[in-house]
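Just so it is clear, none of the values below were taken in a lab; they were calculated from the coordinates. Source: prediction; values computed, not measured. Reconstructed Cβ throughout: ideal geometry from the backbone, glycine too, with neighbour counts over all protein chains shown.
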Amino acid sequence: MEVSNNPAGRLHALLQEGKSKPIDKPASEIWAEILNVPKKDTGLLLRRVGYVLSLPSSVKEAMSYIDDLNHDIYLRWLPRVEASFSILNFQMAWKQFIERFDGEIMYGIEICSDRLSREKPEKTADESNIENLLDKVNGLLSDLDDVDLDTSEWFYIYDHLIKIKEAIEEHKIRGIKPLEAVFEKAIGGLVLTPEIYQKTKTTTNGKRFWEVMGYLAIVVTITASSIQIGKDVVSLLPQLEVEDMTKEQNEIKQDSEAVDGEIIET
């Protein structure tokens, strides 16, 4: 079972996926498939492959925070992986690249993933919540042409939606931290310029944007349910989500009372 709560787990999952791809295709095509990059978008492909290439150093850094660990043993695979990454060429056949990652290397990465997942796990997000968030982002992006916003507010919403979309699509490489960063940037910007919130909160697309931000708060498990923006206290949780949570809490309470009643009767 692949583990996504640490860089070693994400690296192992990406390489394992790569091993299932046709070996006679160019490396560029396989990377595009694995990393969800549209054909001919070379800039995006280079960026995402760059994130993959940085994973070994991220593993090394994460492992350095574990005490009483023999790094020479745990990271014995690292020089071979770095050497394999250094010869990567998009025009080479995928076979020339992926076959360099033999069982010994994969086992070494997996061992690091196991250790990190137990001792230095990163925060993770529920996959179904991430998919729901992406659906909401894509839906709002497709409807932004029907503008009921001023130019500055439109670009504010568009810019943050694109960043959320990119962070979701790169989640399998980078984990949840980019999503947290997008949320923090959006909320931090509003604290400094609350007039943006005031101008968007009464528009259709503005309301939908704040619903998206509410779901993003759920995805990254923000503990605060509201923040102060100017004179307003803004709920971070969509109303539907709040109602569902309240309903669930009431059902749990009713079940508990029913159980208590049965215990008393016996």
Unsatisfied cross-links (Cα-Cα over 30 Å) in the set LYS19/LYS40; LYS21/LYS185; LYS60/LYS123: LYS21/LYS185
Label-point separation, THR221 to GLN16 (7 Å along Cα→Cβ), nm: 2.1 nm
Whether the stretch 12-117 is rounded, prolate or oblate, judged on the alpha carbon gyration tensor where a/c under 1.5 counts as rounded: prolate
Full-stretch length increase - LYS185, ALA93 - with 0.36 nm per residue and alpha-carbon distance subtracted: 29.1 nm
The stretch 89-192: C-alpha gyration tensor shape, a/c 1.5 cut-off, then a/b vs b/c: prolate
Between the stretch 198-217 and the stretch 83-111, the alpha-carbon center distance in angstrom: 44 Å
